[in-house]
Amino acid sequence: MLKTVIHNVPFYRFSGLGSYHRIEHFISTRKGGLSGGGQASLNMGFMEADAPGNVLANRRLLLSEMDIPLESVVFGEQRHTTNVAVVGKGEAGRGAKEKSSRLPETDALITAVPGICLVVLAADCVPILLYDTECHVVAAVHAGWRGTVGQIVRKVVERMVGEFGCRPRDIRAGIGPAIGPCCYEVGEEVWEKVRTVSEDLAGVVTPGRGKGKYFLDLWEANRRQLLDVGLYSGQIEVAGVCTACHHDEFYSYRASGGDTGRFAAGIMLRTEQR
């Protein structure tokens, strides 16, 4: 990823997606905002421990750097589902200013409408951004272990193909910062569920620090789903940044013991080409 700092609000862009001028995209950090405590400082999620006014100010601070109106942003109510929503003009602004208007129980968003910014929030789960360079369709995906086991990113690509005529060979993907295989230790229950969707666990699951413990690579698991659904390896960019190791820059639920905020990953078709 390439880091960009504008007016002291840092954010990242994927190198690959950043080469396409018809889209805007970003991955925020935890720096440059107004929130305090465990949510310090650029918390992008409405949390009980943070004032809504702080969150709104943080969102405006980040979006203003890219000239994206808050009213154009769409959020889903992320519940670790595999539910995918196709977003139109009527959904613009859902979840942008309050939690109650989020798209209910939705962990992935797709749109072909320019000017609508799709955003997912994360604090260890995997944010994934997709762009079809020919049909000009974008998607934002939130994939924790449940979403990964449920193959949410595969379902998003299949939905893009079914509804918009996209071809996987035309889709570019960015797998963002998330808890890495160095830190994401899970138990037997999660391991068993991972086994139900993949016979080949080499490189995805490795022995943990104790009996019945395993390290899970969410980056690789989602990368393989994209390969399985037809993307080429060169079309997939993996940030490879562990949020737990780098919780000074990104929010991490595990590293903070739960007292944390959320960073954002967003993507939008531009209304005008640059």
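The values are calculated or read from the model by the stated rules, or taken from the named source; none is laboratory data. This one's a predicted model, so the numbers in the text were calculated from it and none came from an experiment. Heads up, the Cβs are rebuilt from the backbone with ideal geometry, glycines too, and the neighbour counts pull from every protein chain shown.
Considering the conditions (1) surrounded by fewer than 17 Cβ atoms within 10 Å (Cβ to Cβ); (2) among the aliphatic types (A, V, I, L, M); (3) within 17 Å of residue 10 (Cα to Cα), residue 51 is excluded by exactly one of them, (3). Scanning region 238-274 for residues that are among the polar types (S, T, N, Q) and either on the phi > 0 side of the Ramachandran plot or not in a loop (DSSP other than H, G, I, E, B) (or both) yields a total of 1.
Scanning region 191-222 for residues that are outside any helix (DSSP H, G or I) and β-branched (Val, Ile, Thr), we see that the one that is surrounded by the fewest Cβ atoms within 10 Å (Cβ to Cβ) is 206. If you go through region 1-18 and keep only what is more than 19 Å from the chain's Cα centre (by Cα) and either in a loop (DSSP other than H, G, I, E, B) or of a type in the set (Ser, Thr, Tyr) (or both), you end up with 7, 8.
What strands (runs of 3 or more DSSP E) lie completely within region 73-190 and have 3 or more residues being out of contact with any helix residue (DSSP H, G or I) (no Cβ under 7 Å at 6 or more places or on another chain), at pLDDT below 95 and buried (at least 18 other Cβ atoms within 10 Å of the Cβ)? Step through it out loud before you land on a result.
Values: elements: 73-75, 84-86, 108-111, 117-122, 126-132, 137-143, 171-175.
So the answer is none; nothing clears 3.
Only one residue in 112, 96 is among the small types (Gly, Ala, Ser) and touching a Leu at 6+ places or on another chain (Cβ under 6 Å). Which one?
Numbers: 112 fails: touching a Leu at 6+ places or on another chain (Cβ under 6 Å).
When all the criteria are applied, what remains is 96.
Screening residue 32 with (1) surrounded by 15 or more Cβ atoms within 10 Å (Cβ to Cβ); (2) part of a loop (DSSP other than H, G, I, E, B); (3) touching a strand residue (DSSP E or B) at 6+ places or on another chain (Cβ under 8 Å); (4) touching a residue at least 40 places away in the same chain (Cβ under 8 Å) gives one miss only, at (4). The number of residues in region 5-29 that are more than 25 Å from residue 113 (Cβ to Cβ) and without any contact (Cβ under 8 Å) to a residue 60 or more places away in the chain comes to 6.
Taking the criterion of being within 29 Å of residue 155 (Cα to Cα) and in contact with a strand residue (DSSP E or B) (Cβ under 7 Å, 6 or more places away or on another chain), the residues of region 208-223 that qualify are 213, 214, 215, 216, 218, 219, 222, 223. For region 221-242, the criterion of being under 25 Å from residue 3 (Cβ atoms), touching a residue at least 40 places away in the same chain (Cβ under 8 Å) and either touching a Leu at 6+ places or on another chain (Cβ under 7 Å) or of a type in the set (Phe, Trp, Tyr) (or both) is met by at least one residue.
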